[in-house]
1. Taking the condition of being closer than 11 Å to residue 216 by Cβ and surrounded by fewer than 13 Cβ atoms within 10 Å (Cβ to Cβ), how many residues in the range 185-198 meet it?
2. Which one of the conditions (1) out of contact with any Leu (no Cβ under 7 Å at 6 or more places or on another chain); (2) surrounded by 17 or more Cβ atoms within 10 Å (Cβ to Cβ); (3) within 27 Å of residue 304 (Cβ to Cβ) does residue 264 fail to meet, given that it meets all the rest?
3. Being of a type in the set (D, E, K, R) and under 18 Å from residue 73 (Cα atoms) is the filter here, so list the residues in the range 4-59 that pass it.
4. Are there any pairs, at least 6 apart or on different chains, whose C-beta atoms fall under 6 Å, with the first in the range 224-241 and buried (at least 19 other Cβ atoms within 10 Å of the Cβ) and the second among the acidic types (Asp, Glu), and if so, which?
5. Step by step: first the residues of the range 110-125, then only those that are in contact with a Lys or Arg (Cβ under 9 Å, 6 or more places away or on another chain) and modelled with pLDDT of 90 or more, then the one that is farthest from residue 291 (Cα to Cα). Which residue is that?
6. Listed residues 279, 262; which is closer than 21 Å to residue 114 by Cβ and over 22 Å from the mean Cα position of the chain (by Cα)?
7. Taking the condition of being more than 21 Å from residue 70 (Cβ to Cβ) and either β-branched (Val, Ile, Thr) or in contact with a Lys or Arg (Cβ under 7 Å, 6 or more places away or on another chain) (or both), how many residues in the range 7-40 meet it?
Amino acid sequence: MWQIRQIEAFAAVVKEGGLTRAAEKLHISQPAVSKLVSSLERSCGFKLFHRNGNRLTMTAEGDLLFAEVQQMMVSTEEIRNKAEEIREKRFGSLHVAAFPALSAHALPTIVSDFIRMHPGVRPLVTSRSSSYLIDWVTAQRSDLGVALLAQERPGLAFTRILEVEGVCVLPPNHRLKRARVIRPSDIDREPFISLSTNDRSRFLVEEFFRGREHLRNIVAEMQMSQGACQMVTDGTGVSIVEPFSAMSFAPGSFLIKRIEPKVYFDVWLMYPTHRPMSKIAAAFARFLHAELERRLTEFRVGFQSFPMDLDQT
């Protein structure tokens with residue numbers, strides 16, 4: 001039977017890169033860590049590491065198991081955090097999860113402003129891909145989730161709060177720097193940084209190139225739109241992204257152009273329905289909505305806003 005200490009030892013060896021640092025992390029001896037990992041291997045029935053002297057290299061089976069362990073460790077940490085909140089009576093806690101482009105730039109500032117308005121609140125901000133956010137919020141790991149896609153799930157409510165125009169990002173000295181809008185023919189055979197097929201936003205962008213797919217020159221695929229923006233900054237090519245990724249970079253990092261035909265990205269607010277939404281979560285949802293509207297207006301990108309219908313029963 002597995003023991004949590006075995007799992008912790010395995011995770012520590014992977015994260016710390018070896019037995020010695022794992023032992024320091026866990027405050028136990030190196031032989032103790034080795035013994036825990038070996039006992040876990042016996043319980044699993046397969047090797048987790050290839051051993052070459054003092055060097056450990058994870059096996060394919062170990063890699064698969066570690067992916068599951070990571071999710072389990074996150075859940076364990078959530079339980080610890082919740083127990084601490086209950087113990088310290090931090091009833092004003094607020095957990096918000098959002099897609100990376102939002103959680104890395106705009107959301108921290110919005111949260112800071114909200115804290116100043118509500119000093120008793122202690123927010124926790126989590127960054128997750130939009131597809132993972134659906135599972136995350138359904139499992140009640142967050143009070144609120146903000147994602148670029150929505151999916152029907154039992155126990156999950158969602159409402160579209162914004163529809164935003166995609167933008168084309170180009171290196172600062174690009175030949176199209178004087179163009180007012182970018183059309184598909186403008187970037188035929190241009191080195192293009194695409195989102196990966198795992199990101200549903202890619203299919204929205206592909207609509208922009210409908211009928212000209214054979215003229216598209218994809219030089220790289222990125223899982224996150226912020227990664228695509230970084231490659232544009234490095235001069236690798238051009239890309240089409242939702243505006244939140246473009247807004248997260250310093251002004252002048254790249255050119256930002258509107259596109260024609262337009263590509264629209266929906267922004268969804270989601271929350272679990274198995275428990276009532278707290279007043280503080282509802283207040284933050286309304287504040288977030290207003291702040292995103294304001295920032296998009298300042299950024300001068302087209303958008304449409306939708307009223308929120310929050311169930312607080």
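The values are calculated or read from the model by the stated rules, or taken from the named source; none is laboratory data. Since we're looking at a predicted model, the values are computed, not measured. Note that each Cβ is placed from the backbone with ideal geometry, even for glycine, and that neighbours are counted across all protein chains shown.
1. Within the range 185-198, residues that are closer than 11 Å to residue 216 by Cβ and surrounded by fewer than 13 Cβ atoms within 10 Å (Cβ to Cβ) number 1.
2. (2)
3. Matches in the range 4-59: 5, 8, 15, 16, 25.
4. 238/190
5. Among those that are in contact with a Lys or Arg (Cβ under 9 Å, 6 or more places away or on another chain) and modelled with pLDDT of 90 or more, it is 115.
6. Of 279, 262, the one residue that is closer than 21 Å to residue 114 by Cβ and over 22 Å from the mean Cα position of the chain (by Cα) is 279.
7. Result for the range 7-40: 2.
Quick grid of which residues meet (1) under 30 Å from residue 141 (Cβ atoms); (2) free of Cβ contacts under 8 Å to residues at least 40 places away in the same chain:
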| site | (1), (2) |
| --- | --- |
| 205 | yes, no |
| 210 | no, yes |
| 221 | yes, yes |
| 276 | yes, yes |
